[in-house]
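For reference, the structure is listed below as structure tokens.
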Amino acid sequence: MTPSRDGIQDVPLRVAAAGDVHIRDSNRDEVARSFRALEGEVDLVLLAGDLTTHGEPAQAELFAEVCRDLSVPVIAVLGNHDLHMGRGDDVRRVLEEAGGVTVLERETTVVEARGVEVGIVGLKGFVGGFGASNLPDFGEPQLREVYATTTADVAALDEGLRAISMCPFRIVLLHYAPTADTLEGEPVGIWAFLGSDRLAAPILEHVPDLVLHGHAHAGAFEGRIGEAPVYNVSVPVMGRDFWVFELSSERRPTTPIH
């Protein structure tokens, strides 16, 4: 196969994405079937957090079981549900050791698919609000800690995008939303708890090929930050187990397909 311009193969790269799977005993078989259906159909699986229901290591074991037999890379970030029990480190360890999942938190990874390097920046992200409703760096120490957490996320996202700048494809994987575009449908009063547009600045500057997030179960599927396409891949929003995106030299930005 001959690489096309920018070192990108002519055959599109197929990326399956989902968030807010919330695995538990009652849906484990359904989740397993959805993962098995991906075999041979996609080149990469990206998971936008809330893999478990309550962040229990036993639920992470269930998720690891459905991932371990996939022959393609599985990359994930954790969500608020995965951290609910205060055992996020255990959840991550189980997913990585038992399921072969690469879990990112303010980190990057580069995988090769169809002979092309795909750079992924992954972080949970955090709250803070949008536009005039953005949380300021002022007031009680607890509120300033929230602001500082998002500040660290913004810095990590910027650093990560710089680190993968030479990759033919660059993807940002989050749990919390970086734009209000994909929150439409959620009550405006809770938007500040669904993400922060402070995360948009590095995306606007570096223009990745694809930005994915979850968390907003009643939000909208598609948005933009400048020229970068943003998708809310929460399962309740998509109305399906996964959405498959195609990345190619001839169809950029990303083309979502069923």
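The values are calculated or read from the model by the stated rules, or taken from the named source; none is laboratory data. Because the structure is a prediction, the values reported are computed rather than measured. A quick note on method: Cβ atoms are made from the backbone with ideal geometry, for glycine too, and the neighbour counts reach across all protein chains shown.
A few notes on this one:
- Per-region count, region 187-213, residues among the β-branched types (V, I, T) and either in a helix (DSSP H, G or I) or closer than 15 Å to G128 by Cβ (or both): 3
- Any hit, region 140-147, residues being assigned to a helix (DSSP H, G or I), buried (at least 21 other Cβ atoms within 10 Å of the Cβ) and aliphatic (A, V, I, L, M): no
- Any hit, region 137-153, residues being more than 20 Å from the chain's Cα centre (by Cα), farther than 29 Å from A64 by Cα and among the basic types (K, R): yes
- Selection status of D89, at pLDDT 95 or above, under 30 Å from R162 (Cβ atoms) and crowded, with 19+ Cβ neighbours inside 10 Å: no
- Test for A152: is it in contact with a Ser or Thr (Cβ under 6 Å, 6 or more places away or on another chain), farther than 20 Å from P12 by Cα and at pLDDT 95 or above: no
- Here R114 fits the description: at positive phi and crowded, with 17+ Cβ neighbours inside 10 Å.
- Taken residue by residue, region 61-74 has no member that is modelled with pLDDT of 95 or more, surrounded by 18 or more Cβ atoms within 10 Å (Cβ to Cβ), at positive phi and of a type outside the set (V, I, T).
- Of all the listed residues (L83, L46, L78), the sole one being modelled with pLDDT of 95 or more, crowded, with 22+ Cβ neighbours inside 10 Å and touching a helix residue (DSSP H, G or I) at 6+ places or on another chain (Cβ under 9 Å) is L78.
- Considering only residues in region 20-32 that are out of contact with any helix residue (DSSP H, G or I) (no Cβ under 7 Å at 6 or more places or on another chain) and of a type outside the set (D, E, K, R), the one that is farthest from H215 (Cα to Cα) turns out to be S26.
- Residues that are crowded, with 20+ Cβ neighbours inside 10 Å and farther than 23 Å from V121 by Cβ within region 187-222 comprise just one, W191.
- Scope region 215-247; condition part of a loop (DSSP other than H, G, I, E, B), over 21 Å from N134 (Cβ atoms) and in contact with an Asp or Glu (Cβ under 6 Å, 6 or more places away or on another chain); matching residues: A218
- Strands (runs of 3 or more DSSP E) contained in region 1-105 and holding at least 2 residues small (G, A, S) and in contact (Cβ under 8 Å) with a residue 12 or more places away in the chain: 13-18
- Exclusive hit being at pLDDT below 95 and not in a strand (DSSP E or B), set E159, E250: E250
- Output for region 117-136, where each listed residue is surrounded by 12 or more Cβ atoms within 10 Å (Cβ to Cβ), at negative phi and not in a strand (DSSP E or B): L123, K124, F126, V127, F130, S133, N134, L135
- Pairs where the first residue, in region 162-180, is closer than 13 Å to V116 by Cα and the second is assigned to a loop (DSSP other than H, G, I, E, B), C-beta under 8 Å, 6+ apart: P168/I8; F169/I8; F169/D209; R170/I164; R170/P208; R170/D209
- Hits in region 223-234 (condition: in contact with a helix residue (DSSP H, G or I) (Cβ under 9 Å, 6 or more places away or on another chain) and either surrounded by fewer than 20 Cβ atoms within 10 Å (Cβ to Cβ) or aliphatic (A, V, I, L, M) (or both)): R224, I225, G226, E227, A228, V230
- Taken over region 162-186, the criterion of being surrounded by fewer than 21 Cβ atoms within 10 Å (Cβ to Cβ) and either at positive phi or in a helix (DSSP H, G or I) (or both) is satisfied by R162, A163, D181, G185.
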